[in-house]
Amino acid sequence: MRSRTVLSTMLGVLLLLGTACSGSAPALPQSTKPSVTTPQGTPTASSTSGALLPVPTTHPSPGGHFLQLQPDVAVPATCPVNPVYAGTLGKSGVEDVPWIRADPLSAQVTAFLFFVEPTYQHTHTYQPLHTGGRYPDDGRNTKILWIVDASTSPATATITGVKVSSPHQTFQQTLTLAGSATPGANYPSIVNVPTPGCWQIQFNRAASIIFWVIGK
């Protein structure tokens, strides 16, 4: 009788062990199941964003004896371009180059428009910025010298273009600080706007100029 009891006990233990090895773990209730995290791809930041900087409705006169030039094409009222002036600002080498003061004035950024033809002295007009970095009729490029009157200057600067009517259309260029006898930090560029229209070109996201851009 005793041996039968022992045998029954051993058979029971073996049966339990076999069930544990061959069976699956009991399912957890739905409320206690661990959540599964789906791996997310690392977001890739766009090189440019469509954020426009504040666009002033008016531009204060720079004062002094400066000549304000007019574009030689009709510019829509919806494109509040920054005024272009001619007259020396006391910077050597650019005395006869028309210029634009960027907004806000506190940024102390001035764009010297080398693409404006010398005929402005007689016509008092200028040809707006062209797409593609050059003018197809005579091949001149769209050179702009950005000068920052600041005590410290980074080795590089960035210009970001945002189309005013379609802020998702953007472009970006990196500029390199150039040595110059002209006071201030000098950043030469050939601005390559992709499409015609009204563009805000931002300098280091801190200052901006509205250009009317022409093209075929």
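Those residues that are charged (D, E, K, R) and part of a strand (DSSP E or B), I need them from the range 60-109; list them, please.
Kept after step one, since they are charged (D, E, K, R), are these residues of the range 60-109: 72, 91, 95-96, 101, 103.
Within the range 60-109, ARG101, ASP103 qualify.
Can you name the residue in the range 166-216 that is in a loop (DSSP other than H, G, I, E, B) and of a type in the set (Val, Ile, Thr) and is also farthest from ALA77 (Cα to Cα) among such residues?
In the first step, residues of the range 166-216 are kept if they are in a loop (DSSP other than H, G, I, E, B); the result is 166-169, 177, 179-184, 191-192, 194-196, 204-206, 215-216.
Now restrict to residues that are of a type in the set (Val, Ile, Thr): 182, 191, 195.
Values: THR182: 35, VAL191: 24, THR195: 19 Å.
Looking at residues that are in a loop (DSSP other than H, G, I, E, B) and of a type in the set (Val, Ile, Thr), I get THR182.
Go through (1) within 26 Å of SER92 (Cβ to Cβ); (2) among the polar types (S, T, N, Q); (3) modelled with pLDDT under 95 for SER166 and report which single condition fails.
In the conditions (1) within 26 Å of SER92 (Cβ to Cβ); (2) among the polar types (S, T, N, Q); (3) modelled with pLDDT under 95, SER166 misses (1) alone.
Just the residues that are at negative phi and either modelled with pLDDT of 95 or more or surrounded by 20 or more Cβ atoms within 10 Å (Cβ to Cβ) (or both), please, taken from the range 204-214.
Step one: filter the range 204-214 for residues at negative phi, giving 206-214.
Of everything in the range 204-214, those that are at negative phi and either modelled with pLDDT of 95 or more or surrounded by 20 or more Cβ atoms within 10 Å (Cβ to Cβ) (or both) turn out to be ALA207, SER208, ILE209, ILE210, PHE211, TRP212, VAL213, ILE214.
Please find, within the range 178-189, the residue that is modelled with the highest pLDDT out of those that are among the aliphatic types (A, V, I, L, M) and in contact with a Ser or Thr (Cβ under 6 Å, 6 or more places away or on another chain).
My answer is ALA185.
Can you confirm whether the range 124-137 contains a residue that is surrounded by fewer than 17 Cβ atoms within 10 Å (Cβ to Cβ) and under 18 Å from VAL81 (Cα atoms)?
Yes - at least one qualifying residue is present in the range 124-137.
Within the range 136-160, can you find the residues that are in contact (Cβ under 8 Å) with a residue 60 or more places away in the chain and either part of a loop (DSSP other than H, G, I, E, B) or over 21 Å from GLN108 (Cβ atoms) (or both)? Let's see the steps before the verdict.
Going residue by residue through the range 136-160, those that are in contact (Cβ under 8 Å) with a residue 60 or more places away in the chain are 136, 160.
Of everything in the range 136-160, just one residue is in contact (Cβ under 8 Å) with a residue 60 or more places away in the chain and either part of a loop (DSSP other than H, G, I, E, B) or over 21 Å from GLN108 (Cβ atoms) (or both), namely PRO136.
Output the number of residues of the range 183-203 satisfying the condition of being on the phi < 0 side of the Ramachandran plot and either buried (at least 17 other Cβ atoms within 10 Å of the Cβ) or among the basic types (Lys, Arg) (or both). Give the steps one after another, and end with the answer.
Restricting attention to the range 183-203, the residues satisfying the condition of being on the phi < 0 side of the Ramachandran plot are 183, 185-196, 198-203.
Among the residues that remain, those that are also either buried (at least 17 other Cβ atoms within 10 Å of the Cβ) or among the basic types (Lys, Arg) (or both) are: 185-187, 189, 191, 193, 198-203.
Final tally of qualifying residues: 12.
Whether any residue in the range 100-116 is farther than 20 Å from ALA206 by Cα and surrounded by fewer than 14 Cβ atoms within 10 Å (Cβ to Cβ) is what I want to check.
Step one: list which residues in the range 100-116 are farther than 20 Å from ALA206 by Cα, which gives 114-116.
Okay, now just the ones that are also surrounded by fewer than 14 Cβ atoms within 10 Å (Cβ to Cβ), so none.
Scanning the range 100-116 turns up no residue that is farther than 20 Å from ALA206 by Cα and surrounded by fewer than 14 Cβ atoms within 10 Å (Cβ to Cβ).
The values are calculated or read from the model by the stated rules, or taken from the named source; none is laboratory data. Predicted, not measured: the structure shown is a model, and the values here were computed from it. Positions of Cβ are generated from backbone atoms using ideal geometry, with glycine treated the same way; all protein chains shown enter the neighbour counts.
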